[in-house]
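Input: a single structure, listed below in structure tokens.
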Amino acid sequence: GKNEYDLLVIGGGSGGLACAKEAAQFGRKVAVLDYVDPSPQGTTWGLGGTCVNVGCIPKKLMHQAALLGSALKDAQHYGWNIAQPVHHSWSVMAQAVQNYVKSLNWGHRVQLQDKKVKYFNMKGSFADPHTVRGLTKAGKETTVTADNIVIATGGRPKYPTHIAGALQYGITSDDLFWLKESPGKTLPSFPLYVALECAGFLTGVGLDTAVMMRSIPLRGFDQQMASLVTEHMESYGTKFLKRCFPTKVEKLESNRLQVTWKNTDLGTEETDSFDTVMWAVGRAPDTKTLNLEAVGVKTNSETGKIIVDASEATSVPHIYAIGDVTEGRPELTPTAIAAGKLLAQRLFGQASELMDYDSVPTTVFTPLEYGCVGLAEEAAVQWHGPDNIEVFHAYYKPLEFTVAERDATQCYVKVVCSRDTEQRVLGLHFIGPNAGEVIQGFALGIKCGATYPQLMKTVGIHPTCAEEVTKLHITKRSGLDATVTGC
């Protein structure tokens with residue numbers, strides 16, 4: 001018999017929704033299955049996936065709240081008379097952020113309806129390669145059949161279950177953005193970008209925050225830049241418990257949480273109490289209930305992620321996977337969206353273009369933002385050899401920081417180039433205000449194969465932080481002082 005839908009997407013996050021809406025543009029019959037399992041602490045949310053509900057969107061808004069706090073301090077230097085002390089209300093911020101997120105949930109539902117995409121608020125699992133069984137919260141079962149199926153279920157935060165009390169008393173980013181009351185004194189562990197971003201805005205809104213850091217910060221990013229980011233955070237008020245790892249979490253009579261940890265440098269055991277303990281130990285693909293084994297969809301046994309080829313196809317013909325649930329892909333919203341659209345165009349629009357995962361720009365929204373595109377310096381050395389790369393760099397001071405007398409020690413930019421005659425740009429790294437906006441523009445140039453001479457011919461916009469990229473002339477190899485003086 002004929003299948004009910006041309007395309008069924010399991011997962012209503014950024015990638016899944018983009019794929020479903022694009023397929024519907026071709027006049028195909030499309031359905032989306034989406035269901036949010038409550039977090040261990042009971043937090044749930046609506047349609048839209050991680051980015052909308054517990055990721056990029058609420059994170060950037062809370063980061064903005066923290067930046068406004070810094071701006072209030074700066075404002076006095078610029079002549080604004082602001083009554084002291086200023087006070088931040090978590091509940092007012094949280095309500096505003098949560099209301100906006102709910103409006104996005106509703107917007108996604110309306111868009112699906114407008115595009116005639118059928119939405120099932122159900123948890124899906126494969127019955128056979130063309131059939132998915134959907135289960136509602138109330139336990140009602142529906143069977144959906146489709147010619148093509150796309151898995152876009154993303155990931156959920158992992159818990160360090162080997163630590164006593166971790167699951168019982170800790171929260172993750174799945175919960176933080178939906179707290180109605182202030183988390184108080186908070187301990188994020190470990191220093192992945194999510195923990196650093198959260199620690200940054202928590203400190204910024206006036207909360208006592210300490211990050212537990214067993215090894216290096218921002219694993220996978222350029223380590224010189226990562227060190228500058230954490231140095232700035234320390235000077236800004238975030239504490240770092242370096243070379244430490246937690247061993248247990250206990251609840252005190254006061255309802256506070258007592259955390260015990262080992263300090264590997266000193267060989268000692270230490271304790272402190274916190275109002276909130278937040279785990280950031282990475283994310284696991286949300287595939288447990290999909291019943292992938294039954295239909296033969298292959299996964300990486302170590303990561304649990306679905307193995308796909310360059311066309312996002314799994315080991316089963318007509319079953320595809322996109323976004324964070326797939327092996328070897330960046331866990332980023334824009335890549336999932338682009339991959340979802342291109343997949344729909346290949347399936348239903350006679351297109352052949354594949355998603356290009358090279359030179360994807362990204363930004364870490366710490367108090368001083370870090371944006372990058374292309375290779376980290378370590379990766380460039382590894383790929384090309386230390387004698388075949390040239391690093392141009394500069395420490396600069398944003399003009400806005402001068403009157404406000406803000407420390408700019410960690411404002412830094414570097415361009416990693418090949419050392420041949422062409423001097424192609426291999427990587428661009430920028431720490432400073434509005435890093436995301438800066439990197440977005442330069443990302444186009446790097447995608448087009450920009451070279452260092454072309455960068456030097458680019459006229460800077462004065463006075464901006466971004467223009468510092470167009471003035472880089474000191475190499476690391478030279479050993480000269482890279483501090484920018486004058487305007």
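The values are calculated or read from the model by the stated rules, or taken from the named source; none is laboratory data. Just so we're clear, the structure is a prediction, and the values are computed from it rather than from any experiment. Every residue, glycine as well, gets a Cβ built from its backbone with ideal geometry; the counts of neighbours run over all protein chains shown. When the accessible area is computed, the model is the full protein with side chains, heavy atoms only, and any ligands, DNA or RNA have been set aside. Shrake-Rupley method; radii C 1.70, N 1.55, O 1.52, S 1.80 Å.
Among (1) free of Cβ contacts under 8 Å to residues at least 60 places away in the same chain; (2) open to solvent by less than 20 Å² (accessible area, probe 1.4 Å); (3) out of contact with any Asp or Glu (no Cβ under 8 Å at 6 or more places or on another chain), which single condition is residue 451 missing?
(3)
Specify which of the listed residues (85, 58) is within 27 Å of residue 184 (Cβ to Cβ) and open to solvent by 80 Å² or more (accessible area, probe 1.4 Å). If you could, list the steps in order and put the result at the bottom.
Values: 58 fails: open to solvent by 80 Å² or more (accessible area, probe 1.4 Å).
It is 85.
Which count do you get for residues in region 189-214 that are under 14 Å from residue 280 (Cα atoms) and in a loop (DSSP other than H, G, I, E, B)?
The total comes to 4.
Of the conditions (1) under 27 Å from residue 310 (Cα atoms); (2) open to solvent by 40 Å² or more (accessible area, probe 1.4 Å); (3) touching a residue at least 60 places away in the same chain (Cβ under 8 Å); (4) not charged (D, E, K, R), residue 344 satisfies every one except a single condition; which number is it?
(2)
Hand me the list of helices (runs of 4 or more DSSP H) wholly inside region 1-78 holding 2 or more residues that are free of Cβ contacts under 8 Å to residues at least 60 places away in the same chain and assigned by the TED database to the domain that holds residue 174. Lay out the reasoning, then the answer.
Working: elements: 14-25, 49-54, 56-77.
So the answer is none; nothing clears 2.
Tell me which of these residue 98 doesn't satisfy, since it passes every other one: (1) touching a Phe, Trp or Tyr at 6+ places or on another chain (Cβ under 7 Å); (2) open to solvent by 20 Å² or more (accessible area, probe 1.4 Å).
For residue 98, the failing item is (2).
Here are some residues: 421, 409, 458. Which one is at pLDDT below 95 and either surrounded by fewer than 23 Cβ atoms within 10 Å (Cβ to Cβ) or under 22 Å from the mean Cα position of the chain (by Cα) (or both)? If you could, list the steps in order and put the result at the bottom.
Working: 409 fails: at pLDDT below 95; 458 fails: at pLDDT below 95.
Answer to the selection: 421.
Conditions: (1) over 20 Å from residue 363 (Cβ atoms); (2) out of contact with any Pro (no Cβ under 7 Å at 6 or more places or on another chain). Residue 55 meets all but one. Number of the miss?
Just one mismatch for residue 55, condition (1).
Here are some residues: 167, 196, 207. Which one is assigned by the TED database to the domain that holds residue 246, of a type in the set (A, V, I, L, M, F, W, C), within 19 Å of residue 367 (Cα to Cα) and open to solvent by 20 Å² or more (accessible area, probe 1.4 Å)?
Values: 167 fails: within 19 Å of residue 367 (Cα to Cα); 196 fails: open to solvent by 20 Å² or more (accessible area, probe 1.4 Å).
Of the residues listed, the single one that is assigned by the TED database to the domain that holds residue 246, of a type in the set (A, V, I, L, M, F, W, C), within 19 Å of residue 367 (Cα to Cα) and open to solvent by 20 Å² or more (accessible area, probe 1.4 Å) is 207.
Look through region 23-47, keep the residues that are in contact with a Leu (Cβ under 8 Å, 6 or more places away or on another chain) and of a type in the set (D, E, K, R), and return whichever of them is surrounded by the fewest Cβ atoms within 10 Å (Cβ to Cβ).
Restricting to residues being in contact with a Leu (Cβ under 8 Å, 6 or more places away or on another chain) and of a type in the set (D, E, K, R), the top hit is 29.
Of all residues in region 149-158, which are open to solvent by 30 Å² or more (accessible area, probe 1.4 Å) and either farther than 22 Å from residue 331 by Cβ or touching a Lys or Arg at 6+ places or on another chain (Cβ under 7 Å) (or both)? First the steps, then the outcome.
Restricting attention to region 149-158, the residues satisfying the condition of being open to solvent by 30 Å² or more (accessible area, probe 1.4 Å) are 153, 156, 158.
Within region 149-158, 156, 158 qualify.
Taking the residues in region 242-276 that are open to solvent by less than 30 Å² (accessible area, probe 1.4 Å) and out of contact with any Pro (no Cβ under 8 Å at 6 or more places or on another chain) as candidates, determine which candidate is nearest to residue 188 (Cα to Cα). Even if it seems obvious, please write down each step before you answer.
Here is the first cut: in region 242-276, the residues open to solvent by less than 30 Å² (accessible area, probe 1.4 Å) are 244, 246, 249, 257, 259-261, 263, 273-274, 276.
Then keep just the ones that are out of contact with any Pro (no Cβ under 8 Å at 6 or more places or on another chain); that gives 244, 249, 257, 263, 273-274.
Numbers: 244: 12, 249: 13, 257: 13, 263: 16, 273: 13, 274: 10 Å.
Looking at residues that are open to solvent by less than 30 Å² (accessible area, probe 1.4 Å) and out of contact with any Pro (no Cβ under 8 Å at 6 or more places or on another chain), I get 274.
Checking the condition open to solvent by 50 Å² or more (accessible area, probe 1.4 Å) and in contact with a strand residue (DSSP E or B) (Cβ under 6 Å, 6 or more places away or on another chain), which residue from 131, 161, 143 passes?
Values: 131 fails: open to solvent by 50 Å² or more (accessible area, probe 1.4 Å); 161 fails: in contact with a strand residue (DSSP E or B) (Cβ under 6 Å, 6 or more places away or on another chain).
The unique qualifying residue is 143.
Restricting the search to region 281-309, which residues are open to solvent by less than 60 Å² (accessible area, probe 1.4 Å) and either β-branched (Val, Ile, Thr) or touching a Cys at 6+ places or on another chain (Cβ under 7 Å) (or both)?
Result: 281, 287, 295, 297, 299, 306, 308.
Hey, among the residues in region 172-193 that are modelled with pLDDT of 95 or more and closer than 19 Å to residue 239 by Cβ, which one's most open to solvent (accessible area, probe 1.4 Å)?
Taking region 172-193 and keeping what is modelled with pLDDT of 95 or more, we get 172-188.
Now drop any that are not closer than 19 Å to residue 239 by Cβ, which leaves 176, 182-188.
Numbers: 176: 0, 182: 57, 183: 4, 184: 16, 185: 41, 186: 0, 187: 1, 188: 0 Å².
Among them, the one singled out is 182.
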